[in-house]
Amino acid sequence: MTFLRVLRGSVWSEIRRAQGLRRPYSVHPQETHQAADRFFTAFLIYGASVSRVLILSAVCFFYICTGIASSFSSSFGIALDIDGVVLRGSTPIDGSSQALRRLYASDGTTHFEVSFLFLTNGEGGTPESKRASELSRLLEVDISPLQVVQGHSPFKGLVSRFENDLIVAIGKGEPAEVMSEYGFKKVLSMDEYVSYFGDIDPLSQYKTWEVKQISKSITNSKPPDSVPRYNAHRSRVQAAFIVSDPVDWGRDIQVLCDILGSGGLPGEENGAQPSLFFAADDLEYPAAFCRERLGMGAFRLALECIFNRISRNPLQYTSFGKPNPFVFKNAEAILKQLRSRICSNFQNENAFTTLYMIGDNPSVDIIGTEKAGRPWFSILTRTGLFRGEGNHSQFPADLVVDTVEEAIDYILRREGACGAGVKWRM
Ligand code: G3P
Ligand code: MG
């Protein structure tokens, strides 16, 4: 009996150690007790042979520890908004870096132990890989490209439709590079496209900045390899993608009206409107300035209003980004992939019990979470667009907190986090 008591004690300490290393919360304590009791019943029944006992011990121990890890990583996931929750412009909001660190193993900032990703409508014009590196630097934790879902990320799903068609990519940063990286073969940025049509922007002479030109290189006898070998005068644009916030609104609205109203070739007779996609539809967003700034939704309104006044047919378009429920479905699928990185033996089809969305914009983050339905749960912070005392009156969140730190704290408590592996404040 003494031998059994000692063995029982050492198995228990192994379980605790495993909890500390792999996961601080995992299963409910009662479940762990029950699992251990099952182990000892089996142990006594098969106790006749020492070798059988040892084999059984190893199998049961593996079963219990695997159960602990699976149970933990299967239960929940987190989607974090960026602007107004973890960053303001490119400055981390107080406490956001510390909050994120709590999702990683206690021995560093490289292995996340909670399935989480960033679900942002903004920061576009940057490929996910590059944005992941920037976020890692700013927030001082390791972020993988898979954990960065930007407003334009769903454009990848349109490659099969427009792979070999001429498309125009609009916005700050490197919109054409983003689309090429997704697999589109004939992409021109708006700057490049405009340079094919000499007088298309009657105000260009008053602009003091330089834009990337491509038409001059095209007319060279031997264009460099990086220059695409197609001519915008001959091909109709099949789709325009607003990848990130447009920089030169006046020019972009003018040229989009030309492209969309002419059937894809400015100056030509009217044709069917090419497809038009927006990465997001945020009217405003919190940036470095003390008041909100106009976002892509404001640009869309301006374009739509003007286009509808000058053309026979109303503007047709699709907006991605939150609050589109597709974005939340996509995020759930990615969170499952991330979960399998933490716990490789977990079945992808197993549903999450709860998926938390932490955001600052009631009309985007909270309404989107609401539309997505269960298992999504919305948490509204007071660090960005929303600054109200109580809940938002029109789009109330499931929970309102002051900061992302408080949000993470709430989630970890609610999920029963405890133990030595992570710095929980219980
Ligand atoms: O352009 C709007 C964008 O910056 C919002 O980003 O992270 O709040 O979804 P986010
Ligand atoms: Mg935001």
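The values are calculated or read from the model by the stated rules, or taken from the named source; none is laboratory data. Predicted, not measured: the structure shown is a model, and the values here were computed from it. Here the Cβ positions follow ideal geometry from the backbone for every residue, glycine too, while neighbour counts run over all protein chains shown. These area figures cover heavy atoms from the full protein model, side chains too; ligands, DNA and RNA do not enter into them. Shrake-Rupley method; radii C 1.70, N 1.55, O 1.52, S 1.80 Å.
Brief remarks on what is shown
- Any pair with Cβ under 7 angstrom, 6 or more apart, that starts in segment 85-109 at a residue that is farther than 18 Å from R382 by Cβ and away from ligand 2 (no atom under 14 Å from the Cβ) and ends at one that is aromatic (F, W, Y) and at pLDDT 95 or above: L103/F116
- Whether a residue is under 24 Å from G89 (Cβ atoms) and either away from ligand 1 (no atom under 16 Å from the Cβ) or surrounded by fewer than 20 Cβ atoms within 10 Å (Cβ to Cβ) (or both) was assessed, and E269 does not pass this test.
- Answer from R339, R309 - the residue that is of a type in the set (K, R), surrounded by 21 or more Cβ atoms within 10 Å (Cβ to Cβ) and away from ligand 2 (no atom under 16 Å from the Cβ): R339
- Test: I334 is open to solvent by 30 Å² or more (accessible area, probe 1.4 Å) and more than 16 Å from ligand 2 (Cβ to nearest atom): no
- Checked against the criterion of being part of a loop (DSSP other than H, G, I, E, B), open to solvent by 60 Å² or more (accessible area, probe 1.4 Å) and modelled with pLDDT of 95 or more, the candidates Q347, Q316 yield just one match: Q316.
- Residue tally, condition in a strand (DSSP E or B) and more than 21 Å from the chain's Cα centre (by Cα), over segment 232-288: 4
- Pick from segment 289-304, criterion in a helix (DSSP H, G or I) and without any contact (Cβ under 8 Å) to a residue 40 or more places away in the chain, ranking: most open to solvent (accessible area, probe 1.4 Å): L301
- Residues of segment 96-120 that are modelled with pLDDT of 95 or more and in a loop (DSSP other than H, G, I, E, B): T120 alone.
- Which numbered condition F326 fails, given (1) among the hydrophobic types (A, V, I, L, M, F, W, C); (2) closer than 16 Å to G77 by Cα; (3) in contact with a Pro (Cβ under 8 Å, 6 or more places away or on another chain): (2)
- The lone exception for F307 - which of (1) closer than 30 Å to G263 by Cβ; (2) in a helix (DSSP H, G or I); (3) touching a residue at least 60 places away in the same chain (Cβ under 8 Å) it fails: (3)
- Condition met for G321 (within 16 Å of ligand 2 (Cβ to nearest atom), surrounded by 18 or more Cβ atoms within 10 Å (Cβ to Cβ) and at positive phi): yes
- Residue match in segment 274-285 (condition: open to solvent by less than 50 Å² (accessible area, probe 1.4 Å), farther than 24 Å from V159 by Cβ, more than 16 Å from ligand 2 (Cβ to nearest atom) and in contact with a Lys or Arg (Cβ under 9 Å, 6 or more places away or on another chain)): no
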